[in-house]
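Shown next, in structure tokens, is the structure this report addresses.
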Amino acid sequence: MLIYGKQPVYYALERHRDRIKTLFLAKEVDKKEYSALMKMGFEVKRIPENAAQSMVKGGNHQGYIAEMSNLVPYASPFLKRCGFVVVLSSITDMGNMGSLVRSAYALGVEALVICGIKEPNLESLIRTSSGAALDLPLVVVHNIHDVMHELKQSGFSLYGATLKGTNVREVSFDAKRALILGSEGEGLSGRVEKGLDYGVSIEMAHDFDSLNVGVAGAILMERMR
């Protein structure tokens, strides 16, 4: 697994050094930094810019690329041990997904479930979450209805972001709670909405119908923690 970009790579260096196999440098670094990197227990290789661009397929690597052991998602039974989880329903934009993972980790969410994508790009998710995906437990289940059933069987109350939901400021949340967020264009499907225990929304100050899912998700997580 390759991750790249200075911030996610340095996040991995600080917190998951044991998972790094090789660090590739495509830029000059000062002697003090280079000396510190050489003492971290993994191989450090200098590579030319064209080789770096080829490795990341044109991505913005900022001179730092790390080869790491693969990120392995948790199995769904892990959710039983949690009190607060977030479920993403068919959100495919990696920028939004990375923002939600970063917010979830910062705001005390104990696990995040990715639904509607058979094989999410975990390398990209690490990068767009600035490394938070390395620490927040991730669960991947293609069918969201299976997840909802499993959560309800484990005593969770299901809260979904809907335009007609109750103002989140007026809702009291149960100890075991799951926030379900839908895709940018479609939101939550009718079938998912029917399976919710509660719909929640964010009251707007002006006549504007919605927020970006990454922003809305962060606001709702903060209200629910």
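Taking only protein heavy atoms and a 1.4 Å probe, what accessible area per residue, in Å², does the range 1-45 have with all protein chains in place? Before the final figure, lay out each step's value.
Working: 2680 Å² over 45 residues.
Solvent-accessible surface per residue comes out at 60 Å².
Between 0 and 90 degrees, rounded to the nearest ten: what's the tilt of helix 6-15 against the longest Cα principal axis of the chain? Tilt relative to the chain: about 90 degrees.
Can you give me the angle between helix 213-224 and the longest principal axis of the chain, using Cα atoms only, in degrees from 0 to 90, rounded to the nearest 10? Between helix and principal axis, roughly 70 degrees.
Rounded, prolate or oblate: pick one for the range 1-54, where a ≥ b ≥ c are the square roots of the eigenvalues of its C-alpha gyration tensor, a/c under 1.5 means rounded, and failing that, prolate if a/b is larger than b/c, else oblate.
On the way: a/c = 1.64, a/b = 1.17, b/c = 1.40.
Oblate, since a/c reaches 1.5 and b/c is not below a/b.
Value of Rg to Rh for the range 43-162, rounded to two decimals, is 1.05; Kirkwood radius and Rg both from alpha-carbon coordinates.
Free of any GluC sites (Glu not before Pro) that DSSP assigns to a loop and that have at most 11 other C-beta atoms within 10 Å, the longest stretch within the chain is 29-185. Compute the relative contact order of the chain as a whole-number percentage, counting only Cα pairs closer than 8 Å that sit 6 or more residues apart in sequence. Normalised by residue count, the contact order of the chain is 21 percent.
Give the carbon-plus-sulfur fraction of the accessible surface of the range 102-225 in %, rounded to a whole number; probe 1.4 Å, heavy atoms of protein chains only. Present the calculation step by step, with values, prior to reporting the outcome.
Details: 2820 of 6290 Å².
Carbon plus sulfur share of accessible area: 45 percent.
Report the antiparallel proportion of the DSSP beta bridges in the chain as a percent, rounded to a multiple of 5.
Details: 9 of 36 bridges.
In the chain, approximately 25 percent of DSSP beta bridges are antiparallel ones.
State which entries of Lys80/Lys118; Lys6/Lys31; Lys80/Lys194; Lys118/Lys194; Lys6/Lys39; Lys21/Lys80 exceed 29 angstrom in Cα-Cα distance in the structure shown. Table pairs above 29 Å Cα-Cα are Lys21/Lys80. The figure for Asp146 is an accessible area of roughly 90 square angstrom, using a 1.4 Å probe on the protein chains alone.
The values are calculated or read from the model by the stated rules, or taken from the named source; none is laboratory data. These figures come from a predicted structure and were not determined experimentally. Cβ: placed from backbone, ideal geometry, glycine included. Neighbour counts: every protein chain shown. Surface areas here come from the heavy atoms of the whole protein model, side chains and all, with no ligands, DNA or RNA. Shrake-Rupley method; radii C 1.70, N 1.55, O 1.52, S 1.80 Å.
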